[in-house]
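Okay, so here's the structure we're looking at.
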Amino acid sequence: MKVEIPYLVIEVNRRLFMIDAYFSKKVEKIEHVSVLIKRFKRDLPREAQNPLPSLITENEIKFFLKNVFSTLHEFSGKKVDERLRHMRKWNVHRFLGIPSGFKRHKEKEEELARQNREILLALALLQEVLGIKSPKEFEEINIKPVGWRYYTIKVREDGIYNEKGEKDAIYTELLRIDKGFMQSIHALEYNQQATW
């Protein structure tokens, strides 16, 4: 299946980036939005034959990015707190000699650590794009929409590929780990089959 994805090109503090204007609103986890922002690629076409609808408009891009950034900033602190609470509780049980299931606690700690890393990486990517460290600085940056580009992907059984036939690591990974993205792709496949 061939899919033409609309990318909104934005200028952020005199640097150009592009954001997936369809799947950014379809992913299940907000931390996955960060990987859908790319450096501007001039070789992408300005027009498409049958693109997906744009779910992010030029007027709302600043609000959308502010919401994503603020949410990630808040989540990063909450995940650290949750992880520290779990570690303290586990250590108290160990100190008092109360058996509490080492394997279960270790698995939970590993899961919390993984979630924390994912959120912190997403936040770091967005901080790099926006050039800020905290939500308080958001009003100081200038985000200006400057146009549209279209990125074509082909969905195959073994992953997602670009038009050149190269595997797209980001979209392939999202297909594996994000339920919202996966359901969107399956819905597109179903709709395409229904129109035949």
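The values are calculated or read from the model by the stated rules, or taken from the named source; none is laboratory data. Keep in mind it's a predicted model, so treat the numbers as computed, not measured. Don't worry about glycine lacking a Cβ; one is built from the backbone with ideal geometry, like all the others, and counts go over all protein chains shown. Calculation scope for accessible area: heavy atoms of the full protein, side chains included, ligands and nucleic acids excluded. Shrake-Rupley method; radii C 1.70, N 1.55, O 1.52, S 1.80 Å.
The table for this structure:
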{"read-out": "Ile132 accessible area, 1.4 Å probe, all protein chains in place, Å² to nearest 10", "value": "10"}
{"read-out": "18 Å Cα-Cα threshold exceeded, pairs from Lys26/Lys108; Lys29/Lys66; Lys62/Lys136", "value": "Lys26/Lys108"}
{"read-out": "Ranked by how many other beta carbons lie within 10 Å on average, peptides 20-31, 58-69 from highest", "value": "20-31, 58-69"}
{"read-out": "Sparsely packed GluC sites (Glu not before Pro) within region 112-171, loop by DSSP, other Cβ within 10 Å at most 12", "value": "Glu157, Glu166"}
{"read-out": "Portion, in percent, of the accessible area of region 114-196 that falls on carbon or sulfur, probe 1.4 Å", "value": "52"}
